[in-house]
Amino acid sequence: MKTEYSFEEVEGSTLFIRNCLTKRDALNIIHPDETIATVLKKMEKHLSLPCATANHEFLGLISKRTIFDAFLTAHQEGILFDEFAKESCEVCINREVSTLTLRNHFEETIEIITRQPFVPIVEGDVLLGIVKRSDVQRSLAIAFATNIHADRLLLGVAEAEGALQRLFTVTHRLGINVVTCVALDAEESALNRRVILKVEKTQKLDQLIQQLERAGYLIISVN
């Protein structure tokens, strides 16, 4: 089993997961032979932590919730908490955890982070690090340019070939700089896509709206 991974292997490639990865060495990691009492001390400032072997093999995650659920099961069998806390933390591991690799696309973290407190990044079975929820939120903020003062247009776009090309033809013709353009799914309709278009503040905003409408775009909202 491969236990080490060189980050140099992906230098220069377009792997955005790498750019927001908290590497293994910077993490508090639980080992399966630790007692529950020891784990609880580690988790004083955490709701959940990754669990891995001494060889960095990723096993799953342990959270305060998984510890609580394990204690409920033990308590039903007549085990008191002091006795339970001396047991191995293996009974508390959630092994049904989705993982990604450095070669996955960053956007694949979005669906996972809605179900898990973090996204473990692995190579084979080896834990390389995690992507935190705050990292996903920050990356989405960059994608949507939330920190840039700009004009925001929400457009309805027909699902047709060249739809985005026509949009950029309009902005280019007017000499308007596009800050970001994000296409979204929408409800079923003739105009079945939504696009958030952000452009630098411009005195040509009215012209942009008129030309987009002539090009077949529905202007849902502006700013």
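The values are calculated or read from the model by the stated rules, or taken from the named source; none is laboratory data. From a predicted model like this one, the values you see are computed outputs, not experimental measurements. As a convention, Cβ positions derive from the backbone with ideal geometry for all residues, glycine included, and neighbour counts pool all protein chains shown. Ligands, DNA and RNA are stripped out before the accessible areas are found, and what is left, the full protein with its side chains, is counted by its heavy atoms. Shrake-Rupley method; radii C 1.70, N 1.55, O 1.52, S 1.80 Å.
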Residue pairs within 6 Å by beta carbon, gap of at least six or interchain, first lying in region 159-182 and within 13 Å of Ile196 (Cα to Cα), second assigned to a helix (DSSP H, G or I), listed first then second, are Val178/Thr171
Hey, any hits in region 5-25 for a residue that's of a type in the set (Phe, Trp, Tyr), more than 23 Å from Ser134 (Cβ to Cβ) and modelled with pLDDT under 95? yes
For the condition basic (Lys, Arg), open to solvent by 50 Å² or more (accessible area, probe 1.4 Å), under 30 Å from Asn192 (Cβ atoms) and within 18 Å of the chain's Cα centre (by Cα), what is the one hit in Arg103, Arg115? Arg115
Strands (runs of 3 or more DSSP E) (entirely within region 33-147) containing at least 2 residues that are over 19 Å from Phe16 (Cα atoms) and free of Cβ contacts under 8 Å to residues at least 60 places away in the same chain: 48-52, 58-63
Given the criterion outside any helix (DSSP H, G or I), surrounded by 13 or more Cβ atoms within 10 Å (Cβ to Cβ), modelled with pLDDT under 90 and over 19 Å from the mean Cα position of the chain (by Cα), identify the matching residue among Arg152, Arg194. Arg194
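Could you say which residue among Thr109, Thr180, Thr99 is among the hydroxyl-bearing types (Ser, Thr, Tyr) and touching a Pro at 6+ places or on another chain (Cβ under 9 Å)?
Details: Thr109 fails: touching a Pro at 6+ places or on another chain (Cβ under 9 Å); Thr180 fails: touching a Pro at 6+ places or on another chain (Cβ under 9 Å).
Criteria check complete, one pass: Thr99.
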